[in-house]
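The values are calculated or read from the model by the stated rules, or taken from the named source; none is laboratory data. Here the structure is a predicted model, which is why all the values come from computation and not from measurement. Don't worry about glycine lacking a Cβ; one is built from the backbone with ideal geometry, like all the others, and counts go over all protein chains shown.
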Amino acid sequence: MSNQIILPSREMPTKWYNLVSELLPDNPPAPPMNARTNQPAGPEDLIPIFPMGVLEQEMSPERWIDIPEEVLEILSIWRPTPLVRARRLEEYLGTPAKIYYKNESVSPPGSHKPNTAVAQAYYNKREGIKNITTETGAGQWGSALSFACNMFGINCLVYMVKVSYEQKPYRKSLMHVWNGEVIPSPSNTTNSGRRVLEMDPDCPGSLGIAISEAVEAAFADEKTKYSLGSVLNHVMLHQTIIGLESIKQFEQIDDYPDVVIGCVGGGSNMAGFTFPFLGQRMRGEAKKPGIRVVAVEPTACPTLTKGVYAYDFGDQAQMTPAMLMYTLGHDFIPAGIHAGGLRYHGDSPLLSKMVNEKEVEAVAYHQNECYEAAVTFARTEGLLPAPETSHAIRAAIDEALKCKETGETKTIAFNYSGHGHFDLAGYDNYLDGKLVDYAYPEEAIRKSMANLPKITPPSMKK
Ligand SMILES: *Cc1c(COP(=O)(O)O)cnc(C)c1O
């Protein structure tokens, strides 16, 4: 019997799912705020950097939003993605649980990220935009956006966190192949970059700094917009195609998960995979009403488990509006763990709200235990996971081991967010026993928290 369960391509979802719809009208998400005026951010704060098509989705109350034909056509290069039963892993663990993974690594750039990159490039193209700027950490997002921009004939300019630019040359090559231009950040091409370099010429960079540079470049030119690969509502929305496909696939095999798991950097793959299930639970339509939703993050950047739920900026230079989210502070620079895609100080406001309201559970793991899980996965299932993905695998394995103790036959499902073919240095370090676990960065977090903006949410104003 084949392990692979693949939908015929006709069954690709044609609408995205918006979790915000479940919260209205009684419990709306807190608005982004302009920190200078202490007022909700207006369109004038965002129109210079995002296309209208994307901004409308960012604030949309609708439950279902049509996926444009042009977007579906490109997604169909690799979608629908397989939902796979990890039988060999189950056997190896000796668990009575069933483990499934949704394989998002089959996209051309190798992760879930092009699901939103293609959609964002499309809306920019439709509005006559010629250039898109962005930031990238490990290079996953930069390569996904370069791929998508190339499909629509838009120029892509990527500010890549300097330490990754130097350590991960092959992601850069991939961006170049897809016509992306790559600049190590902090750079001297922007004011925010120059300011950081003046204070610290050897600064290794951070996602927060790279975002400041990319946003500044978009503000500077009318035909240039900015694109974010995670965190914002429209990104979560575009990623829900993952969970919607999974729901159909589980229907086909007459199963349904007891727990759904995803790793979290800014929250998009986790939200994309789990929000459609969470929505079913919130509407009382889940086949298993007690389905649990678990977010997994690194101990070195423990936003959901150790951060505060407060208004903060999305970037280091405070160019973005402030958002209510779990944060470690916008100038927190996390340790150089290999899961570069999980090194972000904040998290999606929508996911943060769900964690704050206990709809979603959050756990944190050290990188060594995640690599151990990744290598176990590679040796049983054959696929080599991205270091980010290994966090979800660790949590899924731990759930399966709990079932082994209790004898429960649960169905566990996690999102396999990407492959690790460009992250082999981390595997070398792990196999050579050279990988270090970072202690919880208490002091750095305390310092950074002191710089949170003072913002009064509208609901608390008289
Ligand atoms: C970027 C990335 C992540 C983290 O980003 P989210 O927005 O939290 O999904 C996770 N896995 C992979 C493979 C990535 O490239």
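Residues that are more than 15 Å from the ligand (Cβ to nearest atom), in contact (Cβ under 8 Å) with a residue 40 or more places away in the chain and among the acidic types (Asp, Glu): which helices (runs of 4 or more DSSP H) entirely in the stretch 36-140 hold 3 or more of them?
Output list is empty.
Looking at the stretch 339-356, is at least one residue closer than 16 Å to PRO298 by Cα, away from the ligand (no atom under 12 Å from the Cβ), of a type in the set (Lys, Arg) and crowded, with 24+ Cβ neighbours inside 10 Å?
No, every residue in the stretch 339-356 fails to be closer than 16 Å to PRO298 by Cα, away from the ligand (no atom under 12 Å from the Cβ), of a type in the set (Lys, Arg) and crowded, with 24+ Cβ neighbours inside 10 Å.
Do we have VAL294 as on the phi < 0 side of the Ramachandran plot and surrounded by fewer than 24 Cβ atoms within 10 Å (Cβ to Cβ) here?
yes
Among the small types (Gly, Ala, Ser), modelled with pLDDT of 95 or more and within 22 Å of the chain's Cα centre (by Cα): is that true of GLY290 in this structure?
no
If we only count helices (runs of 4 or more DSSP H) wholly inside the stretch 165-220, which ones have 1 or more residues that are at pLDDT below 95, among the charged types (D, E, K, R) and within 19 Å of GLY265 (Cβ to Cβ)?
Qualifying helices (runs of 4 or more DSSP H): 169-177.
Considering every residue within the stretch 169-178, establish whether at least one is within 13 Å of the ligand (Cβ to nearest atom), of a type outside the set (A, V, I, L, M) and more than 21 Å from GLY314 (Cα to Cα).
Checking the stretch 169-178: at least one residue is within 13 Å of the ligand (Cβ to nearest atom), of a type outside the set (A, V, I, L, M) and more than 21 Å from GLY314 (Cα to Cα).
Could you list, ordered by first residue, the pairs with Cβ atoms under 9 Å in which the first is in the stretch 190-208 and on the phi > 0 side of the Ramachandran plot and the second is among the aliphatic types (A, V, I, L, M) and surrounded by 13 or more Cβ atoms within 10 Å (Cβ to Cβ), at least 6 apart or interchain?
GLY205/MET160; GLY205/VAL161; GLY205/VAL163; GLY205/VAL196; GLY205/ILE333
Considering only the stretch 236-255, how many residues are farther than 13 Å from LYS15 by Cβ and crowded, with 24+ Cβ neighbours inside 10 Å?
Total meeting the criteria: 4.
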